[in-house]
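Working notes, beginning with the structure itself.
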Amino acid sequence: MSKSIVVDAGAAADLRPAPIPPDWILNGTPEARSKELARSDDRTSHSMVWECTAGRFNWHYNKEETSVVISGEAFITNGQGEERRLGPGDVVFFPAGTSCTWCVPTYIKKVAFLRHTMPRPLGLGVLAWNRLLRIVGLTGGSPLVLDLLLSPVGT
């Protein structure tokens with residue numbers, strides 16, 4: 001089965017309403033919109049565009065999220081009370097299971113890359129499986145290059 005490369009103009013994406021849960025909103029009437037851009041075959045990760053108008057709200061991360069701010073700004077406060085400004089070009093990583101408070105003065109738009117986490121033993125099993133596939137030449141990368149990388153020096 002052939003796979004397609006997905007290209008989407010995230011900044012110009014046609015977004016749909018993605019309401020923030022009412023009990024997360026602390027101040028204002030923030031309105032969020034989003035659009036999924038792509039999803040992995042195994043459904044464990046996806047990318048999306050998300051934007052939000054002014055307001056202050058909590059956000060709880062049930063997946064790992066890496067985001068790149070496209071436009072606007074927000075101030076996020078972590079559980080220890082540390083506040084950071086996010087603006088265009090900033091990259092931020094939110095581990096699954098964390099929470100923070102977002103304060104959006106006027107508007108923010110970001111591209112987010114989300115990934116479901118898995119128990120460490122399962123993750124190590126997936127890494128081992130992928131390494132085996134590369135070694136036998138069934139998927140990306142040259143087995144010769146991999147052998148060179150894994151061989152002890154001087155052998």
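The values are calculated or read from the model by the stated rules, or taken from the named source; none is laboratory data. Since the structure is predicted, the reported quantities are computational estimates derived from the model, not experimental observations. Using ideal geometry, Cβ is built from the backbone for each residue, glycine included, and neighbour counts are taken over all protein chains shown.
Structure above, values below:
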| item | result |
| --- | --- |
| Meets criteria (modelled with pLDDT of 95 or more, surrounded by 12 or more Cβ atoms within 10 Å (Cβ to Cβ) and either under 27 Å from Thr44 (Cα atoms) or aliphatic (A, V, I, L, M) (or both)) for Phe75 | no |
| Flag for Ser34 being part of a strand (DSSP E or B), surrounded by 15 or more Cβ atoms within 10 Å (Cβ to Cβ) and out of contact with any Lys or Arg (no Cβ under 6 Å at 6 or more places or on another chain) | yes |
| Residue among Leu122, Leu86 that is aliphatic (A, V, I, L, M) and modelled with pLDDT under 95 | Leu122 |
| Positions within segment 37-52 being loosely packed, with under 14 Cβ neighbours inside 10 Å and hydroxyl-bearing (Ser, Thr, Tyr), in sequence order | Ser40 |
| Failed item in (1) under 15 Å from the mean Cα position of the chain (by Cα); (2) modelled with pLDDT under 95; (3) outside any loop (DSSP other than H, G, I, E, B); (4) exposed (fewer than 14 other Cβ atoms within 10 Å of the Cβ), with Phe93 passing the rest | (2) |
| For Ala112: the one exception among (1) over 14 Å from the mean Cα position of the chain (by Cα); (2) at pLDDT 70 or above | (1) |
| Residue in segment 68-89 that is on the phi > 0 side of the Ramachandran plot, touching a residue at least 12 places away in the same chain (Cβ under 8 Å) and of a type outside the set (Ser, Thr, Tyr) present | yes |
| Selection count, segment 118-128, where residues are assigned to a helix (DSSP H, G or I) and surrounded by 11 or more Cβ atoms within 10 Å (Cβ to Cβ) | 4 |
| Single match in Ser34, Ser40, Ser67, Ser99 (criterion: of a type in the set (Gly, Ala, Ser), within 30 Å of Asn130 (Cα to Cα) and at pLDDT 95 or above) | Ser67 |
